[in-house]
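Novice: Just dropping this structure here.
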Amino acid sequence: MSSVEDLSKLEDPVLHDEREVMTVHLTARIAWHDNGWDGRICEHPELNSYCVGCQSYPGDVIARERQITQEIANAGRPISDLKSSELPPCVYSANAFGPDTIRGYSNPPDFFFDGASRSEWDIPPATTCVWPYEAMYSEDVYENGKLDNNRRSENADAFFESIEAVNSLIFYYANYSNPFSEEENPRYVLVGVSRVKNVSDRLLYDDVSDDISERFAGGMIWGRNVTSLYPDEGLRLPYHLYRDDPEALNKFVIYPDNPRTCKYGARLLTNDDAIGLLEQFLGSIRELKALGDESENWSSESAGFLVALPSFGTSAVCTPVYSTSCGFLEPIRQPTMLGVSWQKVSQKKRTSSSLTLWITMSRWRPMASWESRCPSWQGSGC
């Protein structure tokens, strides 16, 4: 199948099973880290005042529990090498792009009154602990003016159940406690993006008493592992490599155009929201390529996961998705309603065919159905 005419014989994807549920994506808040959230203690923890800021994550946990003298002694060490007593309170997000499994922990809140004990769990590579705070304070969680923690737990379950492995994207961001934010001009900062690999089961404190279990949904921990496919699919902006070069940083830093996507710790996004964020990442990638940055292969398929998001749909009449096949990393801006077309693209005198998908008004079928019909999609398409 090598022409638009051939592809036009395929079943129109717009007409494909309208009962399919639209894929959702999510944002995930992370505490600031001075070496790229690589699963290590910061290189200079004493200089990182942002992770203990009032707009860090999760809440004020790092400010309350950080042992700075111990972190200085372990500066730069893999968290996976540390003893339980040495684990830093930033474990919720320090391994967002890390290569190894680390241990996470949570101490029960004071209002449990010794009705539970500290819990520890594995945090796999490329994993951050996520929690939908907005769902904890929605109108439906109140019963006679009091918070119903069982309903909160149900809301959390519904949030995480809506996330689809491989199909959903996760966008990492730092709250206002970051080096780019100023008191008079607070700003969120986007850090990276990847596909979701999996979501863990709910986490519970250890040794939960019957009373605490009944009142607090089994003693649930406000956090759940979300693992991504980074580095195979996804990218991390290399802020840590340019911390002494503010001019370069200001060229590729991303402030979300729509700040509402980055509220309440973790928030579900529509496809339209995700497309807007991806466009900003593409602009940042162009700047990094112009800087000659080689921290990641910005033309490889790891960045090319921005192509053909499964189950993607949008209210826009026709919005381009982007291809990095054969080093191409620009939107093809000529719209087509066909759904799938072959376009000739070139970069630096190199020309190749690139399968380019376009998003239409209706729900989009999973990419697997196209992969089975277009075998070259399995590789680079070159």
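Novice: Where Lys and Arg each count +1 and Asp and Glu each count -1, what net charge lies around Ala248 among other residues with Cβ under 13 Å from its Cβ?
Specialist: Working: positive: Arg243, Lys251, Lys289; negative: Asp244, Asp245, Glu247, Glu287, Asp293.
Taking every Cβ under 13 Å from that of Ala248, the sum is -2.
Novice: So if R0 is 35 Å, what FRET efficiency would Asp110 and Glu287 give, r being the distance between their Cβ atoms, rounded to the nearest 0.05?
Specialist: Values: r = 46 Å, r/R0 = 1.31.
After rounding, the FRET efficiency stands at 0.15.
Novice: Continuing with the same structure: Simple spin-label model, 7 Å along Cα-to-Cβ: Gln67 to Lys146 in nm?
Specialist: Between Gln67 and Lys146, the label points sit 3.8 nm apart.
Novice: To continue, here is another question. Cross-link list Lys146/Lys197; Lys83/Lys146; Lys197/Lys289: which exceed 31 angstrom alpha carbon to alpha carbon?
Specialist: Where the Cα-Cα span goes over 31 Å, the pairs concerned are Lys146/Lys197; Lys83/Lys146.
Novice: Find the percent of Cα-Cα distances in the stretch 24-269 that exceed 31 Å, and round it to a whole number.
Specialist: On the way: 6314 of 30135 pairs.
The share of Cα pairs beyond 31 Å in the stretch 24-269 comes to 21 percent.
Novice: With a bin width of 10 angstrom, please list the P(r) values of the stretch 37-166 as percents of all Cα-Cα pairs, from the 0 bin to the one holding the largest distance.
Specialist: Each 10 Å bin holds this share of Cα pairs: 11, 34, 34, 17, 3, 0.
Coordinate-derived values only; no laboratory data. All figures in this text were calculated on a predicted structure; none of them were measured in a lab. Please note: Cβ atoms are built from the backbone with ideal geometry, for glycine as well, and neighbour counts cover all protein chains shown.
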